[in-house]
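Computed from the coordinates by the stated procedures, all read-outs in this text should not be read as laboratory data. Here the structure is a predicted model, which means the values were calculated and not measured. Reconstructed Cβ throughout: ideal geometry from the backbone, glycine too, with neighbour counts over all protein chains shown.
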Amino acid sequence: MNIAIVGAGWAGLAAAVRLKDLGATVTVFEAAPVAGGRARGVDDLHMGRIDNGQHLLLGAYTETLKLIERLQPERPLAQLLSRTPLQLESADGSFRLLAPRLPAPFNTLIALLTAKGLPLSDRLKALRMMVCCRLTDWQAQPNETVQSLLKRYKQPDLLCLKLWTPLCLAALNTPVAHSCAQLFLNVLRDSLDAQRDASDLLIPNVDLTNLWPTAAAETVTMRYRHIVRKVRATQNQVEIDEEAFEACLVAIPPYAAARVLFDAAKESDDGLGNNTAQEQSEAALLRLLRGFAYRSIATLTLELEADWLLPQSMLMLDEDMPRGHVGQWVFRRAAHSRQLTVVISDAADFLKHDRTSFVDAIATQIREQCAKRAKDAPPMPAVKHQRLIVEKRACFDAVPGLARPANRSPWPRIALAGDWTDTGYPSVLEGAVRSGLRAADILQQQLAL
Ligand SMILES: Cc1cc2nc3c(=O)[nH]c(=O)nc-3n(C[C@H](O)[C@H](O)[C@H](O)COP(=O)(O)OP(=O)(O)OC[C@H]3O[C@@H](n4cnc5c(N)ncnc54)[C@H](O)[C@@H]3O)c2cc1C
C-alpha cells in the first residue's frame, strides 16, 4: 500500500515508522528542509547545531522513548538523553524539590514534604491537594481552569508562585488563569502517580533532529521542501497535489490542515454544504480545526566567553518584568560547557522589546540569581554569541473545554495526527508521537493493511 504522510514532525514520523513496519510504502512530504517540525535541530553560524527550542522529556513519555530505542539500537538511551529524578530548583537556591528514588507515589509525596523554601503548612497543603486529586481519580470540574483548581484546594500564594505556576506554564504553555485543569491533572497523573521513573526528567544530549527524526526519515522516502497545497480524497485514492496515493495521514498543525483539506472557497462554514452526513462531518472538522488559538515560546541560546557550568542541568528563574528578567528556565547544553538555553514561555509580550537589551537583561538575570546560591562560585562569563528563536505557534492554547479532533477524519482514506488531536495531553512530544501511532493504526484498520 502506497501511503503519503504530510508533515515530518514527531507525529508524522512516528506514523511513518509504524506504517513502514506494517508493510506500507511511505512517502513523507515536509515543507522544511529538515525533519522534526517544532522539535528540530537548527544550524547556527557561531554555535554549531542548536535546537529551535529547548525540550524536556519525562520518563512518562513511554511511546517516544520506545521509538527512539527501537530505531537506534546502537545508540543507548543513556547516551542520547540525560536522565535525572524529578528535581526542581530555583537558580538562586531558595527553592528546591527533589524526588528520592522510591516507588511512586512516595517519591512525589516525600519530594513535596521535604521541599526547601516553603513553610511546612504550604507543603502539607500541596500534599493534601495531590492526595485529594488522586482520590478523585485526577478529575477536574467541568471547564475548570488551573487557577480555579488551585483555589478550590486552597493553595497558598507562595506555593503557587514557586511550584504550581511554573509547572503549569512548563507543561501547558498557558497561564494558570486560562489553562485547562483537566489537562494539567492528566500530566500530573501520568508523571507523578505512575511508575517511579515516570517523573524523571530527560534532557536531550544531541540536537532534536538527530535524537531520532533523522533515523526515522532514513527508513522512508522523504520529500523535503515540498509545501503540500491540496489533499483531496476520491473514492479509491487520495491526491496530494494531484499525485495519487492509496491513503494519506495529515500530520500538520490545525491551521495548515484546514488549508490543505478544504478549498479556500469553502474555508467558511457557509461555503461547506451541510446536507449529507458526509458534509456535516466535514463542516464539523473544519470548525474544530479553526477553533484553536496558539501561544508562542522563545528560546534564547547563549554561548559564553569561557567555560562555565550551570550548577544544575536545569534551573528555575525568578521573573522581574520591569527589569526585563523574563526567562523562566535556564538549561545547561549537554556537551557544551559554554552554552546555555533560556526558555521564555508564552512569550508574545516580550517580543516587542529591543532584542539587544532583551538578551543583556536575561544574561543579568541568570548571573545575579546564580551568584546568590554560591557566593564563592565563579560568576557567569560574558555572552559571546546568542540566538533567539521564537516559535509563534509553539503550542495550542490549552484552555478548558477546547474540542479537539479525533484521529479519524470524515474521509476513510485520510487520518489526522498531531499534538492537537484528542490525546488527553497538552501540546507535548509524547502526545504527538502517540497521535501518530494511533492514526497509523486507524489507517491500518480502515484499509486492512
Ligand atoms: C519552543 C518549543 C518548546 C517546546 N518544549 C516542549 C517540551 O519541553 N516538552 C514537550 O513535550 N513538548 C514541547 N514542545 C511541544 C512539541 O514540540 C510539540 O508538541 C511537537 O513537536 C508537535 O509535533 P507535531 O508532529 O504534532 O507537529 P509539528 O512539529 O508542527 O509538525 C508538523 C510538520 O508539518 C510541516 N508542515 C506544515 N504544513 C505543511 C505543508 N502544507 N506541507 C508539508 N509540510 C507541512 C511542518 O514544517 C512540520 O515539520 C515545545 C514546542 C516548542 C515550539
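Past the 19 Å Cα-Cα mark, which pairs from K116/K372; K151/K392; K125/K372; K125/K154?
Among K116/K372; K151/K392; K125/K372; K125/K154, the Cα-Cα distance tops 19 Å for K151/K392; K125/K372.
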For the stretch 19-84: rounded, prolate or oblate by the Cα gyration tensor [a/c cutoff 1.5]: oblate
For the chain, built as a Gaussian network whose Cα springs stay under 10 Å, the top-fluctuating residue of T276, T62, T364: T276
Taking only Cα atoms of the chain, radius of gyration then Dmax in Å: 22.5, 74
5 angstrom amide H check on A394, placed H, neighbours 5+ away: R295, S296, I297
Helix-derived mean residue ellipticity, 222 nm - over the chain, DSSP H n ≥ 4, -39500 (n - 2.57), to 500: -9500 deg cm²/dmol
Relative contact order (%) - criterion: Cα under 8 Å, at least six apart; region: the stretch 1-148: 11 percent
FRET efficiency, R75 to A374 (Cβ-Cβ, R0 30 Å, nearest 0.05): 0.30
DSSP beta bridges in the chain [antiparallel fraction, %, rounded to 5]: 75 percent
Per-residue Cβ neighbour rank within 10 angstrom, fewest leading, V6, V359: V359, V6
Neighbour net charge for G117 - beta-carbon separation under 9 angstrom, K R +1, D E -1: +3
Relative packing of 127-136, 397-406, 424-433, which averages over residues the other C-beta atoms within 10 Å, highest first: 424-433, 397-406, 127-136
Net charge, A217 excluded, C-beta distance under 13 Å - Lys, Arg +1, Asp, Glu -1: +1
Whole-angstrom gap from the stretch 372-425 to the stretch 68-82, using each part's C-alpha centre: 23 Å
GNM result for the chain, Cα springs below 10 Å: residue of L309, L192, L163 fluctuating most strongly: L309
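What is the chain's relative contact order, in percent, from Cα pairs under 8 angstrom and six or more apart in sequence? Please list the in-between numbers first.
Values: 922 pairs, mean separation 108.5, N = 449.
So the answer I get is 24 percent.
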Cα lying deepest toward the dipole's positive end in the stretch 356-419, options F358, N407, P379, charges on Cβ: N407
Length-normalised contact order for the stretch 294-396 - Cα pairs under 8 Å, 6+ apart - percent: 46 percent
Selected from A374, A347, A247 as most flexible by GNM, with the chain as the system and alpha-carbon contacts under 10 Å: A374
Under Karplus coefficients 6.51, -1.76 and 1.60, residue-wise ³J(HN,Hα) of the stretch 254-263 in Hz, glycine/proline x: x, 5, 6, 5, 4, 5, 7, 8, 10, 4
